[in-house]
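First up is the structure itself, then whatever we jot down about it.
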Amino acid sequence: MSFGIQLTLHLIEATLPFFHTIFFGKYTELEKGKRARKARQGRKAIKRVLGKIWFNDEKTVLTEEEKDLTRRRLEDIASRIYFKVGTVKGACYIQRLLSPKDSVVIGIDEYFCAALEKAHKSLQTSEPCDAALYAYLQVDFASALGHELAHAMKILTHGKDYAYFGNNPVAEEGLEWQHRALGGFIRTVENYNRPNYYVDGAVSGINGMIVIEDIPNARSVKQYAAKGAPLAIRQDLPTPPSVHILWNTSIVHFIKLCQTSFWQNEFVEKGLTAVQFPKNTGGRMLVKDDGSEQYYEVDENDPGNLAPLPKGYVLIQKLVTKIPWT
């Protein structure tokens, strides 16, 4: 897991402008938080109604002075974040705020840790190792940990008020960070129970096909709503379309992110664009009301098409495909 933590630090360094925005960026207060009374078991309970803030002036490039200032603030707030290994929702999850509410506990899934350890040990044997699974787990862990750290940094700076960035109608700073760091949210999808990845002629232990989904998207909004925990949606901005694209990924890119030489050379030369996953081909998905998905195979020229293709892409055998010369 140590490399996953080191990879998280690399990704945080690559996304310093995002954290600078949280700490020092200008924002507009859309709605002011307030305390409201709610009856509970015959008593009047105090419940705070969350406010809404909007960061609408995010920098993409920082001066060296701004970078140092952001790093110092990250280190300062990091001293108020604690970690606990146990059974949690996913690889990492913010479990609770401590009292007084100036610290955050992030839970790390013990089963995910065991999977990382097993994959790491496979690299040290004479048998064919599952390098694909190892690289995927490391990047997935770093993505999940960075997601929760983005939540923690926002909470310990601005409280639990909803925070919006740019023209995204969804308040979810964890997904916002993943979008900037890796180009979207990493997930796996079923592929008719077929093996998807092979290493040294052996089937990899990766379950499903790894894809990247753009942020924002309708799936996360509808899934949160179906669970009774809807994300705060800005009604004055367009909502995410019901059809979105799941972009195919290459294991080579996962392995590249796990190489120290990449961060010492290619990242230094090309910056964040070298870190984010390329989006060359992908499949269109229709999001249902409960947040589930199905493949969307309506032709782009069909009058009922709900999914206009991004600029610079065409449909080839039902795959959204980037035009090479764009």
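General observations
- Helices that extend 15 Å or more along their long axis by alpha-carbon positions and average at least 0.0 on the Kyte-Doolittle scale are, among the DSSP H runs of the chain, 2-14, 131-158.
- Förster-model FRET efficiency, 30 Å R0, K322 and N167, C-beta, rounded to 0.05: 0.80
- The label point for T273 and the one for F3, both projected 7 Å from the Cα toward the Cβ, are 2.8 nm apart.
- Ranked by the mean number of other Cβ atoms within 10 Å of their residues, highest first, the peptides 212-220, 300-308 fall in the order 212-220, 300-308.
- Above-threshold pairs, the threshold being 27 Å between Cα atoms, out of K52/K222; K256/K279; K160/K288; K222/K279; K34/K154; K26/K256: K160/K288; K26/K256
- Flagged links, alpha-carbon separation over 24 Å, of K59/K270; K270/K322; K270/K318: K270/K318
- Counting only DSSP H runs of at least 4 residues, each contributing -39500 (n - 2.57), and dividing by the residue count of the chain, the helix-based mean residue ellipticity at 222 nm comes to -10500 deg cm²/dmol.
- Average Cα contact separation per residue, the stretch 2-322, under 8 Å, 6 or more apart, as relative contact order %: 15
- Longest exposed-site-free window of the chain, the sites being chymotrypsin sites (Phe, Trp or Tyr not before Pro) in a DSSP loop that have at most 15 other C-beta atoms within 10 Å: 1-191
- Computed from the Cβ-Cβ distance with R0 of 41 Å, the FRET efficiency linking V105 to N301 stands at 0.20.
- Label-to-label distance for R80 and L315 is 5.1 nm, based on points extended 7 Å past Cα in the beta-carbon direction.
- The peptide list 61-69, 147-155, put in order of mean Cβ contacts within 10 Å with the highest first, becomes 147-155, 61-69.
- Those residues of the stretch 288-304 whose amide nitrogen sits under 17 Å from the label point placed on V189, 7 Å along Cα→Cβ: 288-300
- Dipole of the chain, positive end: most advanced residue of L74, Y198, Y295 [Cβ charges, Cα centre]: L74
- Each principal axis of the stretch 148-302 carries a Cα extent, and these read 50, 42, 31 Å when sorted largest first.
- Taking the convex hull of the alpha carbon positions in the chain and averaging its projected area over all directions gives 20.2 nm².
- Over all pairs of different C-alpha atoms in the stretch 219-290, the reciprocal of the mean inverse distance, the Kirkwood hydrodynamic radius, equals 15.3 Å.
- In the stretch 2-322, taking the dipole from charged Cβ atoms about the Cα centre, the farthest positive-side position among N207, L116, V49 is held by V49.
- Protection proxy ranking, highest mean first, for peptides 204-211, 10-17: 10-17, 204-211, where packing is the per-residue count of other beta-carbon atoms within 10 Å, averaged.
Each value in this text was obtained by applying a stated rule to the coordinates, not by laboratory testing. Predicted model, so just to flag it, every value in this text is computed and none were measured. As a convention, Cβ positions derive from the backbone with ideal geometry for all residues, glycine included, and neighbour counts pool all protein chains shown.
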